[in-house]
1. Give me, ordered by chain and number, the residues 5 or more places off V832 or on other chains with an amide H under 5 Å from its own placed amide H.
2. Just subtract the alpha-carbon distance of E29 and V86 from 0.36 nm times their residue separation and send over the number in nm, one decimal.
3. Could you work out how much longer the chain between L101 and K265 gets when fully extended? Use 0.36 nm per residue separation minus the Cα distance between them, nm to one decimal.
4. Simple spin-label model, 7 Å along Cα-to-Cβ: R1538 to N319 in nm?
5. At a Förster radius of 56 Å, what calculated FRET efficiency corresponds to the Cβ-Cβ distance of E13 and R615, to the nearest 0.05?
6. Which trypsin sites (Lys or Arg not before Pro) in region 8-110 sit in a loop by DSSP (not H, G, I, E or B) and have at most 10 other Cβ atoms within 10 Å of their own Cβ?
7. Roughly what would the spin-label model give for M1575 and R844, points 7 Å off Cα along C-beta, in nm?
8. Just subtract the alpha-carbon distance of L700 and S1342 from 0.36 nm times their residue separation and send over the number in nm, one decimal.
Amino acid sequence: MSEPRPSRRGVEEAKALLHERSLWMSGGEPLDSYLDDFRALGQLQCTYVWTKDVVAYRCRTCQMNDSSAICNLCFQNGNHWDHDYVMYHSASGGCCDCGDLAAWKESGACAAHQRLHVQEPKLKDELLEPTHVVVQYVLRELLVWVKKLKVKLSYQRKLFDQNTDLEVAMAMIYLDWSQKVCAVDALRSIVCNEIIDYGIPCQTDAPTSALEILLDCLGWMPDKLIEAETTLFLQLLYKNDFKDKFLNLLREKYEKMIFLAIRNKEYMKNYTHLDTNLDRVMVQLFNDPDMTTRLIHKHNLLELFIGVFSKVIACSAENNELAVVSFDGDAIKCKVYLRPQSDLRLVVSHRNIAIHMLSKQPQLFPHILDVLVKLQWMNAYTRGGDGHVFEKTWTLAIQLEMNSMAIIFQLISRCFQDPLGRKKTLVTAATYTFKVLKQYLEQVKRISDQDKYSDSTVSLHIPLHRALSAILQKLVLISWGNYERGFLTALKEEGVFNFTEDEVLALMDHPLRILVWMAQIRAQMWSTLEHFSRLELIYRGSFWHDQSMDMDILLLQFCSVACEDLQGKIFVKIAELFNFKSMATTRTIPGQRNCRQAEIMLLQSFMRLILLVVRERRNLGRTEEDEAQGKCLQYDVIQWLCVRDQTYSQLCRALGSTSIEHQKLNVVLDRVAVYHEPKQVAHQGYYQLKSEYWKEFDPLFPHYYLNELEEAEVDTLSAEDIQRRLRKELRQKAILEEFSAKRKAFMELQSDCDDDENSEDGSEMEACSIVNESRACKSGSVPISETLRKATTPVTDADHVAMEASSKAKECALCKTKKDDKNSSLCWIALVQRYNFPNQVLSRGEQMRNTGETDISHVGQFQGLNLNDDLDQLVTVGYFAESGNATTIDLSTLEHVQCCGHQMHYDCFQDHMKNLQLSCNAGNDVVNPLNGEFSCPICRRLANVLLPDVDASISSRKMDLHEDVKGADEIGSDWSSFWQSNKNLENSMDSFCVQTLRVRKQYPHSYFNTPSSCARSRVLWEELVLNIVHCEVETREGYVQVGTASSSSPTMKFSDECTWGGDSAHWTAMRELGRLAMLSNTFPGAVQDKSQRLRALWECLRLLDRRENLDAESMDTESSPILAGMSELERTVREMFPQNPIDLAEPCEDPEFAQVSSLYFHCQDGSAQKQENSQFVPVSCNVDMGEEELARTQTTLNQSVHLEENKNSQFVEFKLGETYPSKLAAPDPIEHDPQQRHEISFEDAKIENKIREEMMIDGCLSQPFPIEQQRNTSSDSLSTWMEDILRNGILTADPFWVLAMLLIILSKQPDRHVLLSMVKFAYTIAVLQTQIAVSRLDVEDSDVETLVRRACLPFLRRAAMLVQIVTREDLREHGLTGMKVMDFHSLQLILQLPDCSLILQPQGATAAMVTQLLHLYRPKSFNFEMHKVPRKALLHKLPRVYQKLLMEGFYGKKCAACGETPLDPAICLVCGMLLCCGADRRGNGIGECSQHAATESAGVGIFLLLRSTQLLLLRNNRTCMGLSLYLDIHGDEDLYMRRNQKMYLSDLRLNEIRRLWMTAAFDYDSYILRNSQLMRKAY
């Protein structure tokens, strides 16, 4: 009979035919609708199957066994929130047990799977036959393609060079269909029957069932098909009948599948994936204890698993008499033995199976012990032997013993849990173990007598001995009645233990030699010490000590009492192995001094071991079980807490690798320790030992390392000192109390001294304070170290340190001097970064609309606007009607500037950056010097620019400039002399502006020429204004005191920071930006450009040739309102610009003069140009300018400066409460300070070449990434904002932009009068814009003024901040304190502004100017809207419980960017969007999180990774895996839910992340910066 062939050869053709047959099976209804109808009737069981790393749930309240689990949907619908549940990441996958009464309680089933609500669905009779036919067709096609694929991948692999994509695709079509059908109970039964009964012809005449063929081919399949077939098996295993038949077939092929992997290299390639999927099958097979018991008996599974396990180990054994395991074969290297070992361990995890083995089939237990015999003394070492073998095998050997011993520990533990039969089963296990051990020791002795066994070899592995220790460990916990010596007497009387003295000595030989070997390693007596030290650490460490060292010491203790009068021989034997018997009789040789230190260390280990053996700290079976276990656990906890304060996770790791009963551990911790909640962001909750338990410190605790023992001893001495001090203080307090009582009694007798009755003795109060502190320390609420520090640190010392820090003079962070040899400018170390925090806050707002509803709580006020007075802030947003582009300044992406508080000379900085760029190790994986980045030498914060310090940079020789007595020419000459004498300041300002433009344009490797004077002034004013906007939005919620800029900077706060709140680092930068911006208005070469800008302003306001632009009707009278408005507007402009340079300026011939090319500089690939006055910048500079523009710029620079006399001009300087009415002093123009020109050298060429190589490696030579090209639109709009205002009209601009433009156009330092005039003009525009926006709302007239005030509040706050920075006034002296910074009337008075009602209902000249401004407004092309934004900027709201976040934020949701289910889901904490972390869906090498951060947050992203609970912090190419926002009840992290603890949101950490987000301080946080690395947008 020939084998069947596939009926279709194409994927689409196969899908079409399968669709037709599915319609026949479902009676013409689409298959999905047909299956949905069945699901609507309900199902008895949930058949959801998940793969590895999927989150599942276990509920200890509802589950029937430890392996039971349910899916997320059943958990949500089952009301388990109040139960004892855990959420975990499935290691290999599993099935939902909801509705399975053998695995899950019916009361815990969800509503969809409760049997009361479910009816057994049945197929219609007419559809029964078509269903069988279609299922048979699908199985036949599936088997054909699977067998064809097996042939390609196994026997004829070399003959088939073509790929197997077609076979895999065809098989997946039929597997997907089968899985979909098996999700319905009624159809699953048919598939179960057909997959077992339906057979197809093979090479033999007898047909083979479909299930048998699938199992035969399973190991040869690709990973995708293995997982799909396993999922189908898991769905079918919900039927118990299928379980029986499936297991019968699997039993026949079980051994063949495992040994095929050992013998066949091709089969081994997929074995790891096969083994993982078989784990899923085995868990589902043996999830029901009763069903497992029946299957075990019926199919003899114990014999199967033990036999295969023994054979796998035997095939790797050496060919000698002991047959010790070798590590050369694949059975150990590839861990093939794990399959039978895991299955055997899974089976004996059921208590009835474990009891059955040792009570009904005890003959199986020796077979397990025979496997352990082959592991005895494996991976042995000889002193002085080769160490290169060590690294290859030691991990394999430890894993092999741990996995093998897991069966013993599981078996013994389950038997011990049976209170009725545990004594019998454990004695049976002990009987067989003693018997096998005696045989093994006799064999070792026989080989040793034949000189085939070397005593010099040592090994860590004696699993047979440790199996006996595991049994003894449980036997000592059982009550043995009236037996004199407990279990030992019982074992001897029952004939279980009948060892002679020599046999006992031989029994203890192996564990004793291991302990001696570890002591020799600690004494540094072995070669390749670094290798063997790892073994010693693991042997004693928490990873393995409970299964290794603890078991060995327990066996020595047993041997020391096993026979009468044997202690002497045992101690002699221990001394012999330590070589102390001969040492005691050997003379000391002077030349052996180096050996004496090792011998001393060995002697210490010897004495500790003797004390451990003699002293029985552990229970020996004479107390109750729970009491004994509790004492042992308490003893261990106390010893570890004596070393140091421990977190809960640290304690769990220290207590051992075996499972810990958390409930018992919590009881012990409540008794002996005090819990301290996390006080700092990076800290976790920890436990501190109570003072009364320090007396239980045991220096002989065997698990201490040397450093831990020393720490524990020091802490113990400190605790004893505190105890003595407490006792002394208590005695003093008793004496004082007695004295106080006598004094009070005496005073009561004196009637004339009533005033003294309530007086207190100062010493008594001090003593009470000490006693109260001591009580707090005793209770554990105050750390011991803190108590000692307070007791020993004088208050005067702390005050002295604070005063010294606050008064520390400024000096360079590199050369540590105030002035260098070159008289270089001293600058602040600063960081400039792109940020759009105001944009993010504004994007959360919503447009104000009339809802038609009345707010009951605000009847009569803003009815129908749904406005909250306390939480909402109103903002006016203007936008163009056609394009929809908004002009609000909040939408701009700014260059946030902040200073760490330290300074550096400009020349020192140049040399420092040159060295960093030339160094091979230029970056530390955080800082990239080729982008101009560096770390502050003092605080190590990130920086990329120097911000000039005006006070420290200007020349020491000054002369007063009184502008009220000097003419314009004289003032201009003085300022020219000033800048000539302070070239260092000008050069440092140029460097700052160039770096700022690089950050703005996002061209880190680009070349810019030195900016013009006008461009320099514009950049500085823009930076100041935009940073003020950021600060205003940041501080809206009220005064918030934030930490200082640097840990090492002075703690003194300036007036502006104390007034407004915010970040100290930011205020330091804004103060200097304000001074630099004012100074930039005095550059000699900027007058012509500023005059032309002023002329453009006059044209924008229609003040030039105003009568020619009026119509005929307006010309009839001189009292025309338009003419009056123009006159008032002209007066206002002249008041802001009193020098009237517009009369001197020539008209601009170029109609496109106001373009970004005239002020900002485009990137050009080329080398740096030499200019006569240019200074070296860390990255060379160049400009790409048109010929006409270049000529115009050159002409401007060559023009002389002419300034008219201004009597009102003066620089008002407020500093520490003192006023200096004179202008900023300029140096004496007689003699210039020496300035050293820097010519381009060979080092500069090397730097430039290195930068170009870096750009070529990045593949982006002077070009931004695609993301950055999209983001450049925001920087371009920032470059043209002034030209847009002059082109589109004043009323279309943000009022704060208007104020910034006026300051830029001004060609002198603004005095207070001019500045307040500008503020008043911008304020008028703000009120008019808000009035237009309010007019679009249906509000009462009485509410208009209130809404206008609320909407203009942000502008007033920004204007007040600007005035305070420019004038350096302390606004607190004017009453602006506390919450008055959020009060409209207070700010209005400070700024000397008229009430908004005078603008809303103007009269006289104000009415004329308002009319003219409104005449400039074009409502058809430009509109205004009122938006409400949250006053308090918060991150995305997160649930309090992490488990709820995982269910609500992930399950059933798709990635917002790609529309697929995220493999590694991440939530953006700024906007709440769900994304795929690390997924490159677009194929551009950029992850979704990086893409989102670049497009929405200027490259800064805060993401919460749902699987690990960690924070992902992105700052362009800088990445940090931060702390977890969720902590368990112990204040401890549980990454990836390894401990399966319920976790809660940490407000402390969330608030800190919010603070860093608001202040743009992620790169100023030491923890984040230390844990960051540079990555190419991989997330």
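1. HN-HN under 5 Å from V832: N944, V945.
2. Numbers: separation 57, 0.36 × 57 = 20.52 nm, distance 4.17 nm.
The E29-V86 span can extend by a further 16.4 nm.
3. The span from L101 to K265 would gain 54.7 nm if fully extended.
4. Between R1538 and N319, the simple spin-label model gives 4.4 nm.
5. Details: r = 81 Å, r/R0 = 1.45.
Efficiency for this residue pair is about 0.10.
6. Values: sites: R8, R9, K15, R21, R39, K52, R58, R60, K105; in loops: R8, R9, K52, R60, K105.
Taking region 8-110 and a limit of 10 other Cβ atoms within 10 Å, the loop trypsin sites (Lys or Arg not before Pro) found are R9.
7. With each label placed 7 Å out from Cα toward Cβ, I get 2.7 nm.
8. Values: separation 642, 0.36 × 642 = 231.12 nm, distance 8.35 nm.
Difference between extended and current length: 222.8 nm.
The values are calculated or read from the model by the stated rules, or taken from the named source; none is laboratory data. These numbers were taken from a predicted model, which means no experiment stands behind them. So basically every Cβ, Gly included, is an ideal-geometry build from the backbone, and we count neighbours across all protein chains shown. What goes into the accessible areas is simple: the full protein's heavy atoms, side chains included, and nothing from ligands, DNA or RNA. Shrake-Rupley method; radii C 1.70, N 1.55, O 1.52, S 1.80 Å.
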